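Here is the structure we will look at, set down as structure tokens.
The values are calculated or read from the model by the stated rules, or taken from the named source; none is laboratory data. In this text, all values refer to a predicted model and were calculated from it rather than measured experimentally. Using ideal geometry, Cβ is built from the backbone for each residue, glycine included, and neighbour counts are taken over all protein chains shown.
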Amino acid sequence: MALEDKTLTCRECGQEFIFTAGEQEFYLSRGLQNEPKRCPECRAARRRERWGSYGDSRRVYSVVCAACGVETTVPFEPTEGRPVYCKECYAKMKESGELDLDKS
Ligand SMILES: [Zn+2]
Ligand SMILES: [Zn+2]
């Protein structure tokens, strides 16, 4: 059977995109039955997101907990002037509601 370019609608951004015959062939050769649900841009964005969240998990920042002084690592860059807490202290403060003081 001959494959033809298909126009599909991305369910993420609603844009139409072409599912080319070549891509369909590739899908078939991989045994994939489902047509892509997202346009190439959204697929790339999702891939970046996934890699970003996993790949960057290795990049941690070494900080000293402002509450107990233990050295710990956080997955985000600490903001200067803002206290950073270790997991235990953060959980404790969250429980006690002390972190809500930040909002005022
Ligand atoms: Zn899209
Ligand atoms: Zn601590």
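When the test is whether a residue is at pLDDT 95 or above and more than 13 Å from ligand 1 (Cβ to nearest atom), Cys68 passes it. Just to verify a result, which residue in segment 71-100, among those that are surrounded by 10 or more Cβ atoms within 10 Å (Cβ to Cβ) and hydroxyl-bearing (Ser, Thr, Tyr), is nearest to the chain's Cα centre (by Cα)? The extreme case among them is Thr73.
The set of residues in segment 16-39 being of a type in the set (S, T, N, Q) and touching a Leu at 6+ places or on another chain (Cβ under 7 Å) consists of Gln24 alone. With respect to the conditions (1) part of a loop (DSSP other than H, G, I, E, B); (2) at pLDDT 95 or above, Leu8 lacks only one, and its number is (1).
Would you mind stating whether Ala2 is under 30 Å from Phe76 (Cα atoms) and at pLDDT below 95? For Ala2, the condition - under 30 Å from Phe76 (Cα atoms) and at pLDDT below 95 - is not met.
Every residue, every condition in (1) part of a helix (DSSP H, G or I); (2) small (Gly, Ala, Ser); (3) at pLDDT below 90, yes or no:
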position	(1), (2), (3)
Thr73	no, no, yes
Pro78	no, no, yes
Glu88	yes, no, no
Met93	yes, no, yes
Leu101	yes, no, yes
